[in-house]
Amino acid sequence: MRARQGNTGEPWFLATPQLVRANPRRYAGYLAHVGLLFVIVGIAASQSFSSTSVQTLNVGQTMHLDGYTMTLAAVQADPQPNRMVVRAAVNIGQGSRTLGSLWPSVNYYPSAATPVITPAVHIAATKDVYLVLRAVGKNFHWVTLQAYVKPLVSWIWFGGGLIGLGAFMALMPRRRRRPVEAPARIPALSEPAEALT
């Protein structure tokens with residue numbers, strides 16, 4: 001981009017797309033490889049440095065995991081025509097910051113032998129927090145929560161987006177260069193001037 005700016009005087013926001021148009025497959029390959037690097041780092045970090053904890057909490061109690069605090073604020077039952085949904089309201093924080101509330105739930109269906117669990121996720125650039133509701137007390141006074149903290153999961157999605165963008169760029173038509181016309185033949189010094197006619 002800098003070389004093109006020096007040659008043409010174009011600003012960077014014009015020089016960059018012109019470079020891509022000139023050779024889209026080359027820059028698509030670069031972009032896809034960068035995306036693959038993000039995916040590999042994200043998978044390695046999320047698998048190697050994740051942490052988990054399972055605790056039973058009464059309403060008002062707090063669990064701690066990897067710098068996060070998760071406080072059980074309430075447990076709610078929501079009867080619906082085809083199922084019973086039980087949700088836990090969990091306030092999540094990190095240090096002195098309040099990050100909001102998560103609502104993991106369990107869905108009880110009359111025709112199903114086992115309930116269906118719906119986890120809740122807090123997504124951030126560096127770490128994701130997953131909450132799973134494993135068990136609920138009879139009077140909704142307590143629940144068993146399983147928490148996961150996984151770093152760099154968002155890098156996997158970001159890298160996948162870059163790979164997709166690279167694939168899209170590779171399909172762009174390459175800009176055709178105008179053919180350069182060959183100059184008229186110049187006679188050698190030994191040829192007579194009549195050779196020009």
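The values are calculated or read from the model by the stated rules, or taken from the named source; none is laboratory data. Keep in mind it's a predicted model, so treat the numbers as computed, not measured. Heads up, the Cβs are rebuilt from the backbone with ideal geometry, glycines too, and the neighbour counts pull from every protein chain shown. These accessible areas exclude ligands, DNA and RNA; they are computed on the full protein's heavy atoms, side chains included. Shrake-Rupley method; radii C 1.70, N 1.55, O 1.52, S 1.80 Å.
Filter region 102-150 down to the residues that are over 19 Å from the mean Cα position of the chain (by Cα), among the small types (Gly, Ala, Ser) and surrounded by 15 or more Cβ atoms within 10 Å (Cβ to Cβ) and list them by number. Please lay out each step first, then the result.
Of the residues in region 102-150, the ones over 19 Å from the mean Cα position of the chain (by Cα) are 102-118, 131-147.
The next check asks that each one be among the small types (Gly, Ala, Ser); those that pass are 105, 111-113, 135, 137, 147.
Residues satisfying the conditions are 105, 147.
Filter region 70-86 for residues that are in contact (Cβ under 8 Å) with a residue 24 or more places away in the chain and either touching a strand residue (DSSP E or B) at 6+ places or on another chain (Cβ under 8 Å) or open to solvent by less than 50 Å² (accessible area, probe 1.4 Å) (or both) and give the result. Working first, answer last.
If we filter region 70-86 for residues that are in contact (Cβ under 8 Å) with a residue 24 or more places away in the chain, which is where we start, we get 70, 72-73, 75-77, 82-84, 86.
Matches in region 70-86: 70, 72, 73, 75, 76, 77, 83, 84, 86.
Tell me the residue from 192, 179 that is open to solvent by less than 100 Å² (accessible area, probe 1.4 Å), over 17 Å from the mean Cα position of the chain (by Cα) and modelled with pLDDT under 75, please.
Among 192, 179, only 192 is open to solvent by less than 100 Å² (accessible area, probe 1.4 Å), over 17 Å from the mean Cα position of the chain (by Cα) and modelled with pLDDT under 75.
Suppose we keep only residues that are assigned to a helix (DSSP H, G or I) and among the hydroxyl-bearing types (Ser, Thr, Tyr) within region 27-53. Which one would you say is surrounded by the fewest Cβ atoms within 10 Å (Cβ to Cβ)? I'd like the intermediate steps shown before the answer.
Of all residues in region 27-53, those assigned to a helix (DSSP H, G or I) come to 27-48.
Filter once more, keeping what is among the hydroxyl-bearing types (Ser, Thr, Tyr): 27, 30, 46, 48.
On the way: 27: 18, 30: 13, 46: 20, 48: 8.
This residue is 48.
Checking the structure you have, find out if any residue of region 135-143 is of a type outside the set (A, V, I, L, M) and modelled with pLDDT of 95 or more. Before you say what the answer is, go through the steps one by one.
Initial filter on region 135-143 (of a type outside the set (A, V, I, L, M)): 137-142.
Pick out the ones that are also modelled with pLDDT of 95 or more and you get none.
No: region 135-143 contains no residue that is of a type outside the set (A, V, I, L, M) and modelled with pLDDT of 95 or more.
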